[in-house]
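Asker: Before I ask anything, here is the structure I am working with.
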Amino acid sequence: MARLLGVDLPRNKVMRVALRSLYGVGPKVAVDVLAKAGIDPLKSSNDITEEEVQLIRSCLEAYSVEGDLRREVGLNIKRLKDLGCYRGIRHRKGLPVRGQRTHTNARTRKGPAVAIAGKKSIKAMK
């Protein structure tokens, strides 16, 4: 099993798909890296040699991926929170940041719905 940047590549996958298991590597970057390294994108991740892994590793240095990218994104979010700007406040509160509605939906960001005890409709009380 090949390891790149501290991540095990999945077995029995085509290399252009297996590279996407790295944080920050999508379809375009995966194909570009394999083209620069001179590796067939349809080659299985089981059949890759150590020399080819080294080539891929050297080509990935041109991109911000895995730990560096996670750190950069985290620092950007922390900067917004410290500034106290609108987006930072939304991050702090755990609400959607990019203008999505919150009256309904937004459950992924807000977490599971919590029932409010004792809240009944006024019609039910009459």
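The values are calculated or read from the model by the stated rules, or taken from the named source; none is laboratory data. Model, not experiment: these values are computed from the prediction. Here the Cβ is made from the backbone with ideal geometry for all residues, glycine too, and neighbour counts use every protein chain on show. When the accessible area is computed, the model is the full protein with side chains, heavy atoms only, and any ligands, DNA or RNA have been set aside. Shrake-Rupley method; radii C 1.70, N 1.55, O 1.52, S 1.80 Å.
Asker: Among the numbered criteria (1) in contact with a Gly (Cβ under 9 Å, 6 or more places away or on another chain); (2) of a type in the set (Val, Ile, Thr); (3) open to solvent by 80 Å² or more (accessible area, probe 1.4 Å), which single criterion is violated by Ile116?
Answerer: (1)
Asker: Filter the range 4-35 for residues that are basic (Lys, Arg) and in contact (Cβ under 8 Å) with a residue 24 or more places away in the chain; which is most open to solvent (accessible area, probe 1.4 Å)?
Answerer: Among them, the one singled out is Arg11.
Asker: Can you find a residue that is in contact (Cβ under 8 Å) with a residue 12 or more places away in the chain and open to solvent by 80 Å² or more (accessible area, probe 1.4 Å) anywhere in the range 66-74?
Answerer: Yes, the range 66-74 has at least one match.
Asker: When Ser44 is evaluated against the numbered criteria (1) free of Cβ contacts under 8 Å to residues at least 24 places away in the same chain; (2) over 22 Å from Asp68 (Cβ atoms), which criterion, by number, is the only one it fails?
Answerer: (1)
Asker: A further question on this structure: Filter the range 61-83 down to the residues that are of a type outside the set (D, E, K, R), within 15 Å of Gly26 (Cα to Cα) and either touching a Pro at 6+ places or on another chain (Cβ under 8 Å) or not in a loop (DSSP other than H, G, I, E, B) (or both) and list them by number.
Answerer: If the condition is that a residue be of a type outside the set (D, E, K, R), within 15 Å of Gly26 (Cα to Cα) and either touching a Pro at 6+ places or on another chain (Cβ under 8 Å) or not in a loop (DSSP other than H, G, I, E, B) (or both), then Leu69 is the only one that fits.
Asker: Oh, and also: If you check Val53, Val17, which single one turns out to be within 19 Å of the chain's Cα centre (by Cα) and either modelled with pLDDT of 90 or more or in a helix (DSSP H, G or I) (or both)?
Answerer: Val17
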